[in-house]
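Asks: This is the structure I want to talk about, given as structure tokens.
The values are calculated or read from the model by the stated rules, or taken from the named source; none is laboratory data. Note that the structure is a prediction, hence the values are computed from the model and not measured. Heads up, the Cβs are rebuilt from the backbone with ideal geometry, glycines too, and the neighbour counts pull from every protein chain shown.
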Amino acid sequence: MSTLENRAAPEHVAIIMDGNGRWASARGLPRSFGHRKGVEAVRETVKAAAEAGIRYLTLFAFSSENWRRPESEINDLFGLLKTFIRRDLAELHRENVRIRIIGDRANLRDDIRSLLLEAEETTRGNSAMTLVIAFNYGARDEIARAAARLAAEVAEGRLKASDIDARMIDERLDTSDIPDPDLIIRTSGEERLSNFLLWQAAYSELMFVPELWPDFSREVFFAALERFGARDRRFGGLSAKAVALGS
Ligand code: FPP
């Protein structure tokens, strides 16, 4: 069993959970089985993240582009999120996990919207870890909504257009109270961000792992965290080594 030794955990890890469909197809099963197995991987990952001392874990559960999937699959994904919140909310609350949802809630069904709100309200005061679920989330949509808010404030005379800076955009994103991800992991070997946290990913370390999401385990997660610990993050400056050498 792998453990994390002497490495500072990243504060925020975000994960693009990819490969549920392929996991199911490889076994001759309908895609829905892959999503179901994917929820088990979600449970294991949340536990492992808390164990590793991660403060924020963001999971990409449903993208604004996922509406292009067949209706039956969309219903399945909505159903799984509902079941997850209904079944796991009490335990997450007991474990002192705060739940935050990002994404556009405007066109979600009332039952889903109120369930998401209930999960957030119930766990608002928790402090062990924040589980951020990106649901009906698309980064371009999020940035466009922030821009519309700024435009409205300018139109109302509360803000001057020439005063708008990156911080003001940041404060109007869904993630305004969440630090940028230190590490973004995508499973299944695909190497792209697919409209996930595009603004917040400016300095994130990206990691692409071959495992399909249902096969993502505590071991795979901890191995990724180990690799992250060995990365040299410079944020546009110099590496610690270069500074030490005075080069
Ligand atoms: C990508 O696999 C995965 C998704 C689109 C959905 C992820 C959702 C879950 C794991 C379940 C619900 C989430 C929570 C937080 C309870 P894919 O279907 O795109 O796989 P493929 O690329 O192999 O077809």
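Asks: Which one is nearest to the ligand (Cβ to nearest atom), of the residues in the range 55-77 that are assigned to a helix (DSSP H, G or I) and not hydrophobic (A, V, I, L, M, F, W, C)?
Replies: The residue in question is Asn66.
Asks: Just wondering, is there one or more residues in the range 103-118 that are within 15 Å of Leu57 (Cα to Cα) and surrounded by 14 or more Cβ atoms within 10 Å (Cβ to Cβ)?
Replies: The answer is no, given that none of the residues of the range 103-118 is within 15 Å of Leu57 (Cα to Cα) and surrounded by 14 or more Cβ atoms within 10 Å (Cβ to Cβ).
Asks: For the range 150-175, what are the residues that are under 24 Å from Ala106 (Cβ atoms), loosely packed, with under 11 Cβ neighbours inside 10 Å and not aliphatic (A, V, I, L, M)?
Replies: Listed by number, the residues that qualify are Glu156, Arg158.
Asks: Taking the residues in the range 78-118 that are within 20 Å of Ala139 (Cβ to Cβ) and under 17 Å from the mean Cα position of the chain (by Cα) as candidates, determine which candidate is nearest to the ligand (Cβ to nearest atom).
Replies: Leu81
Asks: I'm trying to understand the selection: among the residues of the range 23-43, which are within 15 Å of the chain's Cα centre (by Cα) and either charged (D, E, K, R) or over 15 Å from Phe84 (Cα atoms) (or both)?
Replies: Arg43
Asks: Which members of the range 18-40 meet the condition of being within 7 Å of the ligand (Cβ to nearest atom), assigned to a helix (DSSP H, G or I) and under 24 Å from Val132 (Cα atoms)?
Replies: Once the filter is applied, which keeps residues that are within 7 Å of the ligand (Cβ to nearest atom), assigned to a helix (DSSP H, G or I) and under 24 Å from Val132 (Cα atoms), the range 18-40 yields Asn20, Gly21, Gly34, His35, Gly38, Val39.
Asks: Being outside any helix (DSSP H, G or I) and free of Cβ contacts under 8 Å to residues at least 60 places away in the same chain is true for just one of Leu80, Leu108. Which residue is that?
Replies: Leu108
Asks: Report yes if Ile15 is under 20 Å from the mean Cα position of the chain (by Cα), surrounded by fewer than 20 Cβ atoms within 10 Å (Cβ to Cβ) and closer than 26 Å to Asp141 by Cβ, otherwise no.
Replies: So Ile15 fails the test.
Asks: Also, quick follow-up: Out of Ala52, Ala8, report the one residue that is more than 9 Å from the ligand (Cβ to nearest atom), at pLDDT below 95, out of contact with any Pro (no Cβ under 7 Å at 6 or more places or on another chain) and closer than 17 Å to Ile184 by Cα.
Replies: Ala8
Asks: Let me ask another. Within the range 157-215, can you find the residues that are in a loop (DSSP other than H, G, I, E, B), within 16 Å of the ligand (Cβ to nearest atom) and of a type in the set (Lys, Arg)?
Replies: If the condition is that a residue be in a loop (DSSP other than H, G, I, E, B), within 16 Å of the ligand (Cβ to nearest atom) and of a type in the set (Lys, Arg), then Arg192 is the only one that fits.
Asks: All but one of (1) modelled with pLDDT of 95 or more; (2) in contact with an Asp or Glu (Cβ under 6 Å, 6 or more places away or on another chain); (3) not polar (S, T, N, Q) hold for Arg231; state the number of the condition that does not hold.
Replies: Of (1) modelled with pLDDT of 95 or more; (2) in contact with an Asp or Glu (Cβ under 6 Å, 6 or more places away or on another chain); (3) not polar (S, T, N, Q), only one is false for Arg231: (1).
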